[in-house]
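Participant: One structure follows; several queries about it will come next.
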């Protein structure tokens, strides 16, 4: 099963250093039954893209909680065994948890299929979006508009061999 793990560049650097993504149990996003029902599509590529975007929003939340992290959303696409990822039935109907599941881990970074990261020109909008999250969660429509503006920036695809360059460890 392909899962999308939200991180920050700092988190990606730590994963590169340890060789592992996540800890004993961590949040990821995937094409779950609830996501399928919400998205109303049978196209697997569209559904995977929706799961990736859910993980990108979770990455934005990580950035909001870590003001020291570089202002770029990061999502690692990893293949895990089906039994290693489970949905929480209590959160399954929560719109904020669409596509969310728990992965029992950690997962070797070597299992990653790709890394998705914002381009540098997204930093201003990502910074604004991270700053507006709390107000958006409280129902502020203007703040939600700012958060939604981060989605105007497509995450770029990187091969796993490019991780050292992404985290500033490349030669």
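Taken together, the values in this text are just the output of simple stated rules run on the coordinates, not laboratory data. Given the structure is predicted, the values throughout are model-derived calculations rather than measurements. For neighbour counting, all protein chains shown are included, and Cβ atoms are generated from backbone atoms with ideal geometry for every residue, glycine included.
Participant: Quote the Stokes-Einstein diffusion coefficient, in whole µm² s⁻¹, for segment 1-87, based on the Kirkwood radius over alpha carbon pairs, a temperature of 20 °C and a viscosity of 1.002 mPa s. All intermediate terms of the calculation are to be shown ahead of the outcome.
Facilitator: Numbers: Rh = 13.6 Å.
Translational diffusion coefficient: 158 µm²/s.
Participant: Label segment 51-109 by shape, choosing from rounded, prolate and oblate, from the square roots a ≥ b ≥ c of the eigenvalues of the Cα gyration tensor; if a/c is under 1.5 it is rounded, and otherwise prolate applies when a/b is larger than b/c, oblate when it is not.
Facilitator: Details: a/c = 2.24, a/b = 1.32, b/c = 1.70.
Note, shape of segment 51-109 comes out oblate.
Participant: With labels modelled as points extended 7 Å from the Cα through the Cβ direction, what inter-label distance (nm, one decimal) is found for residue 23 paired with residue 124?
Facilitator: In this crude spin-label approximation the distance works out to 3.7 nm.
Participant: Under 1.5 on a/c is rounded, so check that first for segment 2-164, then, if it is not, pick prolate when a/b is larger than b/c and oblate when it is not; a ≥ b ≥ c are the square roots of the alpha carbon gyration tensor eigenvalues.
Facilitator: Values: a/c = 1.55, a/b = 1.08, b/c = 1.43.
Oblate.
Participant: May I pose another question? Quickly rank 31-40, 137-146 as a protection proxy: mean count of other C-beta atoms within 10 Å, highest first. List each step's numbers first, then the result.
Facilitator: Working: 31-40: 15.8, 137-146: 12.8.
Highest-to-lowest ranking by the protection proxy: 31-40, 137-146.
Participant: With labels modelled as points extended 7 Å from the Cα through the Cβ direction, what inter-label distance (nm, one decimal) is found for residue 158 paired with residue 79?
Facilitator: Result for the modelled spin labels: 2.2 nm.
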